[in-house]
């Protein structure tokens, strides 16, 4: 039974947990002999940490990545036997969160290594992950630092990482030379830490084949239905459908203007659907049909889907409202109270993102808190 609040909501999200699990399993199959982790940072890419974690845990996921220790604490109850890796690592003052909740810090620097070693000295042995930067210049020890650590005869026995990892910078572009360079650098580090699991591939990296898989892969955006590779048809099943209610349908005359700035001047008598969605809901202003700098580079703005028809955005997206041109629909095909799909099965997440000049990650993780959510499994 659907919650009456969902039926009445101005904005709503349908989150298909079965599709989430199917996508994760598909990435697991593509990972070959490697285990597939589940990346749950940023509130599980905006869809909700607890329901996503519980669905993936029930499906067999046991390795989980979060951004920081606070996310790890929130996750622990949903994955009682799961190993939770914390990408931001350990810092002075949050050590107890790791020991009390069984979180695995990822050591990203010499400074974090010192913090970790001091914490282990006080609390006792605890697993960690060694992160090595192989070309992204974001987080991680340098390759030289990692190799020196591996070969240091004075390395404490208490420093025994359960995983060594790196992150690909250009995996979404399979032809980019940096992919192979990072692979070769990572191989050198993984060999130096013989007997320890290794992880390099994200969603896109998994598609590069077995050389990139090592022992553990880390699929993220693909599990949530987004595109992993540039210029390749997306094989994943949509997980999130975002909809917003039409509040009013009105007629405007040719040569009238619409929305802020009067940037949309109507070339014909136009039927306008005013919809309860805006940039306060993560529906970016850059999706506007006109009146934003992006439209100088990308001709078309975003579009929605209502009752079997694609409808373009008209004028600027505002904080709480957006206008769609429904002139081409039969008169009885749309009415106030109907819902416009913003992205989902009929409007691809990444098509909407491209129209906004961004990526699917940002749309998902930027969803506001005004959506009523329905989880289906």
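For region 355-371, which positions are surrounded by fewer than 16 Cβ atoms within 10 Å (Cβ to Cβ) and over 20 Å from residue 274 (Cα atoms)? Even if it seems obvious, please write down each step before you answer.
Applying the first criterion (surrounded by fewer than 16 Cβ atoms within 10 Å (Cβ to Cβ)) to region 355-371 yields 362, 366, 368-369.
Hits for region 355-371 are 362, 366, 369.
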*asked:* When you scan region 104-113, do you find a residue that is farther than 30 Å from residue 320 by Cβ, touching a strand residue (DSSP E or B) at 6+ places or on another chain (Cβ under 9 Å) and surrounded by fewer than 19 Cβ atoms within 10 Å (Cβ to Cβ), even just one?
replied: yes
*Has region 120-141 got at least one residue that is free of Cβ contacts under 8 Å to residues at least 24 places away in the same chain, in the same structural domain as residue 92 (by TED's automatic domain parsing) and surrounded by 13 or more Cβ atoms within 10 Å (Cβ to Cβ)?*
no
*Tell me, which helices (runs of 4 or more DSSP H) lie completely within region 61-143 with 1 or more residues that are within 19 Å of residue 193 (Cα to Cα)?*
110-123
*Test: residue 357 is out of contact with any strand residue (DSSP E or B) (no Cβ under 6 Å at 6 or more places or on another chain), modelled with pLDDT under 95, farther than 18 Å from residue 9 by Cα and in a loop (DSSP other than H, G, I, E, B)*: yes
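Rundown of residues vs (1) at pLDDT 95 or above; (2) farther than 22 Å from residue 364 by Cα; (3) in contact with a strand residue (DSSP E or B) (Cβ under 7 Å, 6 or more places away or on another chain), yes/no style:
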site	(1), (2), (3)
4	no, yes, no
12	yes, no, yes
32	yes, yes, no
49	yes, no, no
*Some residue of region 328-345 being in contact with a helix residue (DSSP H, G or I) (Cβ under 6 Å, 6 or more places away or on another chain), in contact (Cβ under 8 Å) with a residue 12 or more places away in the chain and surrounded by fewer than 17 Cβ atoms within 10 Å (Cβ to Cβ)*: no
*asked:* Just to be sure I understand, how many residues within region 167-223 are free of Cβ contacts under 8 Å to residues at least 40 places away in the same chain, part of a helix (DSSP H, G or I) and surrounded by fewer than 18 Cβ atoms within 10 Å (Cβ to Cβ)?
replied: 6
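Confirm whether residue 55 is in a loop (DSSP other than H, G, I, E, B), in contact with a strand residue (DSSP E or B) (Cβ under 9 Å, 6 or more places away or on another chain) and surrounded by 20 or more Cβ atoms within 10 Å (Cβ to Cβ).
On the way: in a loop (DSSP other than H, G, I, E, B): no; in contact with a strand residue (DSSP E or B) (Cβ under 9 Å, 6 or more places away or on another chain): yes; surrounded by 20 or more Cβ atoms within 10 Å (Cβ to Cβ): yes.
No: the conditions fail for residue 55.
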*Could you check, for region 149-160, whether at least one of its residues is surrounded by fewer than 18 Cβ atoms within 10 Å (Cβ to Cβ) and at pLDDT 95 or above?*
no
*asked:* With the requirement that a residue be surrounded by fewer than 19 Cβ atoms within 10 Å (Cβ to Cβ) and within 17 Å of the chain's Cα centre (by Cα), what does region 58-83 give you?
replied: 67, 68
*Evaluation of residue 19 against (1) part of a strand (DSSP E or B); (2) outside the structural domain of residue 161 (by TED's automatic domain parsing) (one fails), failing number*: (1)
*If you scan region 31-52, which residues turn out to be over 15 Å from the mean Cα position of the chain (by Cα) and part of a loop (DSSP other than H, G, I, E, B)?*
31, 32, 33, 34
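The values are calculated or read from the model by the stated rules, or taken from the named source; none is laboratory data. Quick caveat: nothing in here was measured; it's all calculated off a predicted structure. Because the Cβ atoms are built from the backbone with ideal geometry, glycine has one as well, and the counts that use them run over all protein chains shown.
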